[in-house]
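Participant: Let me give you the structure first, and then I'll get to my questions.
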Amino acid sequence: MRHEHLASRYIQLILVLLVTLMSVNITPVRAAGLEAFDFTGKVDEDRFKALIVQLRCLVCQNQSLADSDAELAHDLRREIYEMMDQGKTDKQIVDFLVARYGEFVLYKPRVEPRTWILWYGPFGLLVIGLLVLMITVRKRKNQRETGFSEQEQQRLNELLGDEANPEPGQEGDKPA
Amino acid sequence: MPAFARYLAPLLAFLALAALLYKGLDIDPRTIPSPLIDKPAPAFKLPELKHPDKFISNADFQGKVTLLNVWATWCVACRQEHQNLVLLRQKGVDIYGLNYKDKRPAAEQWLQQFGNPYIVNAFDADGRVGIDWGVYGTPETFVIDKHGIIRHKHIGPITLNAIENEILPLVKKLREAN
């Protein structure tokens with residue numbers, strides 16, 4: 001009973017320390033509400049919104065520039081709006097941000113050799129899975145044909161001596 | 001081979017995964033590697049904090065190894081690192097300041113109160129230069145070599161440990177380099 005109490009105190013202490021350590025390191029740049037932009041001019045509202053949804057707020061990390069309330073997000077939205085107003089393309093704007101903040105600002109990583117494993121890895125795993133499935137199914141099918149397990153087949157081969165087929169599961173393929 | 005495949009392979013896979021996750025424990029997701037490392041410092045021209053009519057640009061830190069420290073009076077962690085910057089200055093390191101999205105009177109009072117480790121401070125009122133430098137949270141400190149190339153970025157407050165093991169050795173190395 002006392003030990004349990006002591007243990008839970010330790011866990012509490014560790015949690016408090018962890019939270020303190022995590023919160024002390026960087027001060028996020030925060031401020032209030034999403035600002036209103038004027039979309040009656042050159043800047044298309046749909047295009048603006050479509051773009052800021054794809055970009056990550058560096059401060060909150062799990063929010064896009066469209067969702068974030070942080071002051072940096074506010075500044076970057078203003079920057080993006082102004083670049084659109086100057087007639088920059090989406091690609092130019094994204095390149096601008098990547099050059100400053102790195103590819104981390106992109107929610108959707110670019111397809112390049114470094115990210116191939118990210119993009120194609122799941123398909124690779126799928127292919128491996130299908131291969132394993134095929135092999136397993138084929139093995140089971142062969143087992144069902146003879147009705148013997150591998151061990152039983154081996155034992156049978158031993159009992160039958162040289163005349164037996166040493167390879168279990170190939171009986172069906174043997175010419176008569 | 002079948003025994004290996006059946007027993008050893010899953011064990012190895014488990015160990016590999018465990019090693020990967022263990023390494024992940026030490027990675028701070030808030031520390032985002034800067035794409036500016038080994039690139040020329042982004043060009044800027046800003047008024048000085050003390051003299052709004054005088055301007056400083058990155059041409060000012062050509063020819064010597066410098067630190068550019070991004071700070072603000074509303075930033076708690078900046079207060080925390082400030083005495084360490086003063087210490088760095090005492091050790092002969094040239095520190096420039098980028099006063100980020102701050103108010104002039106507050107910033108000047110801060111320097112009077114806590115000491116001024118900066119050769120000069122650039123005043124970035126709307127944070128645009130901050131964006132060019134990829135600043136996403138204060139404090140951030142850049143180490144710039146003699147040719148104006150960014151060689152290192154320290155994110156978060158500069159600790160005594162960082163001074164000893166990170167900043168001073170790098171400054172020394174860069175000073176000795178051509």
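Participant: Report the full-extension gain for the segment A:Leu133 to A:Gln86: residue separation times 0.36 nm, less the Cα-Cα distance, to one decimal in nm.
Facilitator: Between A:Leu133 and A:Gln86, full extension yields an extra 11.3 nm.
Participant: Which percent, nearest 5, of DSSP beta bridges in the protein assembly as shown are antiparallel?
Facilitator: If I count the DSSP bridges inside the protein assembly as shown, around 65 percent turn out antiparallel.
Participant: A further question on this structure: Can you compute the FRET efficiency between B:Lys45 and A:Leu118 using 1/(1 + (r/R0)^6), with r the Cβ-Cβ distance and R0 = 45 Å? Round to the nearest 0.05.
Facilitator: 0.65
Participant: In region B:20-141, what percentage of the DSSP-assigned beta bridges are antiparallel, given to the nearest 5?
Facilitator: Roughly 40 percent of the beta bridges in region B:20-141 run antiparallel, per DSSP.
Participant: Which residues does the label zone of A:Arg78 cover in region B:94-111, counting backbone N under 12 Å from a point 7 Å along Cα→Cβ?
Facilitator: B:101-102
Participant: Quick check on the exposure proxy: order B:Val86, B:Val129, A:Val53 from fewest to most C-beta atoms within 10 angstrom.
Facilitator: Ranking B:Val86, B:Val129, A:Val53 by Cβ neighbours within 10 Å, fewest first, gives A:Val53, B:Val86, B:Val129.
Participant: For A:Asp95 and A:Leu125, FRET efficiency with R0 = 35 Å and r from the beta-carbon atoms, rounded to 0.05?
Facilitator: Efficiency, rounded to the nearest 0.05: 0.65.
Participant: If you take the charge dipole of chain B about its Cα centre, with +1 on Lys and Arg Cβ and -1 on Asp and Glu Cβ, which of B:Ala72, B:Val143, B:Gly115 is farthest toward its positive end?
Facilitator: B:Val143
Participant: Looking at the square roots a ≥ b ≥ c of the eigenvalues of the Cα gyration tensor of region A:27-108, which shape do they give, rounded for a/c under 1.5, prolate if a/b is larger than b/c, or oblate?
Facilitator: oblate
Participant: Treat the count of other C-beta atoms within 10 Å as a stand-in for reagent exposure and order A:His5, B:His152 from fewest to most.
Facilitator: Lowest count first: A:His5, B:His152.
Participant: Just from its helices, what would the mean residue ellipticity at 222 nm be for chain B, if runs of 4 or more DSSP H residues each count -39500 (n - 2.57) and the sum is divided by every residue, rounded to the nearest 500 deg cm²/dmol?
Facilitator: -10000 deg cm²/dmol
Participant: I would also like to ask the following. Hey, with R₀ at 56 Å, roughly what FRET efficiency would A:Leu13 and A:Leu156 work out to, going by the Cβ-Cβ distance, to 0.05?
Facilitator: Computed FRET efficiency for A:Leu13 and A:Leu156 comes out at 0.30.
The numbers here are math on the coordinates, done by the rules we state, and not lab data. As the structure is a prediction and not an experimental result, all values here were calculated from the model. Using ideal geometry, Cβ is built from the backbone for each residue, glycine included, and neighbour counts are taken over all protein chains shown.
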